[in-house]
Structure formats: C-alpha cells, structure tokens
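Bear in mind that the values in this text are calculations on the coordinates, not laboratory data. Here the structure is a predicted model, which means the values were calculated and not measured. Cβ placement follows ideal geometry from the backbone for every residue including glycine, while neighbour counts extend to all protein chains displayed.
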C-alpha cells in the first residue's frame, strides 16, 4: 500500500513526549491514507492537495476561470455548465439564460461577479435571499459581430471592467459599454502594476492606455509566440510567459528567464501564470500540471496527475485570501494548501516500509521504519529518501537529545551522525528513551530485556553506561514521576501485567 507521511514544517522535535509522538505517528498512518491513492511508482513531498470532482460541485468537468470575492470570500468558477459558487462548505450552480459555457469570471470590490460566454457578458449580484441574479450587458453593445465572439478574459481595472474576446475589447463603466478596437487579433490582456499589456498576433506586445494602443519596443518577436502570462518581478521588471518559454523584460531587453524552466515549458506548454507571494510564481501548463518557482527559477514544487491533481491540464488559477492556490482543470477543481505548515510525503513506490518514528536533525529529515533509517536533506524534499548503511532492520525510536540523534533499533542503539550510524549498544530492541529529571546527565532506555543507562563521555557524546541491576523485563513505555521514581509498562504479551515501580536512585549510579 502506498505510504503517506505528514510533515509539519514547524516541527523540531527535541525529545518529544512519548505519548504525543505515538499519537502523532498514529495520525500519520491513519489520516495520511486519504492522500495515498493508487498511482504509479514515485515519491512526492509537498502541501496538501484537496480534490473537488464534478460530482462534488455538481457541474461539468472544465473550469475556465477562478475568482474570489473580497467581500464574502466566496469562490467563483467559470464552468462549462455555468457559474459555480463555493462558500467553503456547499456548492451552487447558476446557468446563463441561454445555458452557454461560462468562459471567464472576475469579481469587483462591491461583490459583483462578472462572467463572459459566447455572445454574452454581464454580472451577477445577490438578491435579498442571497441568490445570484444575472444582469446582461449585451443590450449596450452595437456591434452585431459580437454575437459570434466568446469572452475569454475579464479584468477589473481602475478605468472600468474590460471584457475581451480574441477580436474585441469592451470597457464597461458608468453603465456604458465602449469598444476599444485592437490593432489586430489579440490573445489575452494582462494587468501588471496598473499597466495593461496584450499580445497582438503578428505584431508584438502592445500597451493599452485609455483607448490608445502602442507597441512595446523590441517585442516584435512575441507576435510569433503565444503570450499566456505577464507577471511583475522585482521592482520594475516583468516575466513574459509564452507557451514555450519565459522571458525577463527590464524595459529595454528580453532575456531568457531560466533554461531548465524553459525546457520544461517547451515540452509541456505554459497556459497560465500567477504571482502567489514575494518572489514566488505558479505556472500552469497544458500537459504537466503546476510548477511553482522562485523569481530566479528555482523549482519549489511540481504538481501533476501523478502526485495528486485530478488532471494535468491547467485552465485557470487563483490565489485566495488565505494564500492557497485554486486550480481550475480540464477535469475538476483542486486546492493546493500552500498556507498550511503541514506537508505530505507520499511514497507510492512503497520503498520505505512502515514508518515508526521521525526526527528533524541538522539539515536532514530522518525516518525510522521497519526497514531501517532513511534521510533526505530538508532543502531537497523533492528527492527520494536514502537508507543509512548499517541500519537495515526494525527501527523503534528516533530522539534528538542535546543535539545528538539517537536511534533505538532491533539490533541495539545507534548514534546517527549525518549519514553514518555508530553503534552504542548491542542490547536489542531500543523501544523508548528518556532523560532523567534528577539526573539530567543520564538517559534511561527500555529494551526487549532490560532498562539501560546512557551518559556522556569526555567528548560530550552519549554512550552506553550499564544495565539497571535487578531488573529484567521488556519495557515499551516508561515515565518519571515528580519524586523521580521510574514507572515502566510491560510490552504486550510478555507474561506479566500492569506497571512496575523503581524507587528513586535504584540502579542509576
């Protein structure tokens, strides 16, 4: 069965209480299974992905646009069946009067929801019962050719609401609709730092000021491309994303953004781009899901159908007020929970076995499994875990004590130093390890057969000291009361019941 591990980015376990650790591991194994879907062999580490299928929201597969109302925080989706409204718990579907596919959606500061479709655009506004009512604006349009146009893009700007097809751009303000006839066929209008930029096919990149269009110098080569994203980067620069490459524009020249990213886009076709945080970008593709990168092109995450998206064709994206990413797909809607401190590691290859404990130590994340101790650098969570040589077998316990990582193992007890394991004791079955309150320079450990004491050597390293005299029994759990007495609990099915009590000082010296 594929394994899913939940990783809290804020978690730095320094001798976490045993009970909490067991509850935490139980949570990982039980609730993590909801993310462990039958998939090909691979591993993935990243934020939680939540899927909303067409059966969940009650409409069609394709979702062409996404927007959120700042007033109500409701989400709106341009779906092939109509306009979807999601209030965080329930879905509603609103169809246009002629039941066209809704191709675009945007919400203004007053809570008006604007939509565009074939030969149609207008806005929705709730009535006294909270139900959305549609108000068409088509009666304000004179051009008969508009009836054959689809509105693929809507922008809320300081100068009005822009509705854009590939042939026309209309501006709605003060209850009037004005045609802003572009120089030729256009793709998408993009709003960057209050500038309106658009690609004119065969000509290049243009800027729209008022009702006038002007060519951006040096952008003529983009007239042969398909510009699908224009995003701010730094204080003045822009990222110009075409279907096959991304360029950085500083106002004078266009330079390649990143060779690795551009090679990825060449294969997978950029379709949408979004600034989702300071120096952080989401790029949606037609063939391979969502890529999240830094401003210098470092890849943070890659989400696709293999690791949790319902579909790898991205039609739309929107970041909500909680800084999470909504993705409208060719098949369904997915939420990437970027704001959560929790990340999920999914091992569909089932290479790690069953995980019993984990620890964050130094620059690595360590897993203790029934197959050994595995690690991976925290800075490269997209890479596979590696087995530490010599630790093959059942791991019961991982504990960071005084900046040293100790491993309780079927073979004994190890100290993990980076990617190396040093054997401290050959007494088998290191189940549980705890610092003594009255002897903070000593550790007590429960094993298959006895209680063991550890102390530091002259170098300050934890080493095995001795077994507690007069005590011979398996110990899975132990605790120390306020007086310093040690209470131990039996291992299951070991022939004696209840707890054992060791008076203070006994066998510790």
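When only Cα pairs below 8 angstrom with a gap of at least 6 residues are kept, segment 226-338 shows a relative contact order of 16 percent. Could you tell me the calculated FRET efficiency between residue 370 and residue 294, based on Cβ-Cβ distance and R0 = 41 angstrom, to the nearest 0.05? Calculated transfer efficiency: 0.65. For the pair residue 487 and residue 323, label points projected 7 Å from Cα toward Cβ lie 4.3 nm apart. Taking the average, over residues, of other Cβ atoms within 10 Å as the packing measure, peptides 76-83, 250-257, 148-155 rank 76-83, 148-155, 250-257 from highest down. Our compactness index for the chain, the C-alpha radius of gyration over the empirical 2.2 N^0.38 Å, is 1.27.
The simple spin-label model puts a point 7 Å past each Cα toward its Cβ; for residue 191 and residue 461 those points are separated by 6.3 nm. Cα gyration tensor of segment 304-356, axes a ≥ b ≥ c as square roots of the eigenvalues: rounded (a/c below 1.5), prolate (a/b > b/c) or oblate? The shape class here is oblate. Structural descriptor for segment 295-411: relative contact order 14 percent, calculated from alpha carbon pairs under 8 angstrom and at least 6 residues apart. Work out the FRET efficiency for residue 132 and residue 184 from their Cβ-Cβ distance, taking R0 = 35 Å, and round it to the nearest 0.05. Calculated transfer efficiency: 0.45. Here the Debye sum runs over all C-alpha atoms of segment 226-338 as equal scatterers in vacuum, and log10 of I(q)/I(0) at q = 0.11, 0.12, 0.23 Å⁻¹ comes out as -0.31, -0.37, -1.33. The stretch between residue 101 and residue 441, if pulled fully straight at 0.36 nm per residue, gains 115.3 nm over its current Cα-Cα span.
For the chain, the relative contact order comes to 11 percent (Cα pairs under 8 Å, sequence separation of at least 6).
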